[in-house]
Amino acid sequence: MAAAATLIEKWNRVRIRHQHLHPPLVDLSKLDDQRRTFGERLADAFARTMGSWRFIAIQSVVLAAWVAVNIVAWAEHWDPYPFILLNLALSFQAAYAAPIIMMSQNRQAAKDRLAAEHDFQINVKAEEEVKAIMMHLEQQDELMLDILRRLEEQHQTLLARFSTSYRTAGQLGDPKPHN
């Protein structure tokens, strides 16, 4: 009985208890949304609008209408061929659109770098968790082998007792040994 208590105490001492030694995970999208300034939100909305098929379709219709109205002369020619006013308007649009879109892309690149760093941290945490699980499984293997050794010892002891008991019963002339 004392050996069993000692064995239980030994197992309690070497038993691995799982601990999370890392900070909790953070949702970077929510964090980024909270930190964005008005200008960043405006640049993102502008880039999202200008980078859509809807914008391209609307701009194509407006440009085609501008050219058609000025060529056919349904109205007074306010911008005759070679459409210098249209060229100026498109240049003005490009002069402002390019830097605004670049601001949005730079912010998105910074967000992507942060996400990549976050992914790396998650991978490190996952690796730590897997190592802890592997250590726990190795400890369980050791304990199971220890139990198997003890069972084998008990089995050998019982076999020795039974064989002694069988031989003793056979020497006394009993036709059947008692179990």
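How would you rank 50, 102, going from fewest to most other Cβ atoms within 10 Å of each one's own Cβ?
Numbers: 50 16, 102 12.
Fewest to most other Cβ atoms nearby, the residues stand as 102, 50.
Ranked by Cβ crowding within 10 angstrom, fewest neighbours first, how are 69, 61 ordered?
Fewest to most other Cβ atoms nearby, the residues stand as 61, 69.
For the stretch 31-179, build the charge dipole from Cβ charges (+1 Lys, Arg; -1 Asp, Glu) around the Cα centre, then report which of 98, 66, 83 sits farthest towards its positive end.
About the Cα centre, the residue reaching furthest to the positive side is 66.
Kindly provide the GluC sites (Glu not before Pro) of the stretch 24-123 that DSSP labels as loop, not H, G, I, E or B, and whose Cβ sees at most 10 other Cβ atoms within 10 Å.
Numbers: sites: 40, 76, 117; in loops: 76.
Sites meeting the loop and neighbour criteria: 76.
Which order do the peptides 104-110, 89-95 come out in when sorted by mean C-beta neighbours inside 10 angstrom, highest first?
With the highest mean Cβ count within 10 Å placed first, the list reads 104-110, 89-95.
Tell me, what HN-Hα J-couplings in whole Hz come from the Karplus equation 6.51 cos²θ - 1.76 cosθ + 1.60 at θ = phi - 60° for each residue of the stretch 47-63, using x for Gly and Pro?
Per-residue couplings from phi come out as 5, 5, 6, 5, x, 10, 5, 4, 4, 4, 5, 4, 5, 5, 5, 4, 5 Hz.
About its Cα centre, what dipole magnitude does the stretch 37-171 give when the only charges are +1 on Lys and Arg Cβ and -1 on Asp and Glu Cβ, stated in debye to the nearest 20? Display every interim value, and only then the final one.
On the way: 12 positive and 16 negative charges, 43 e Å.
I would put it at about 200 debye.
Every number in this text was worked out from the coordinates using simple rules, so none of it is lab data. In this text the structure is predicted, and so the values were computed from the model without any measurement. FYI the Cβ positions are ideal-geometry reconstructions off the backbone, even for glycines, and counts take in every protein chain you see.
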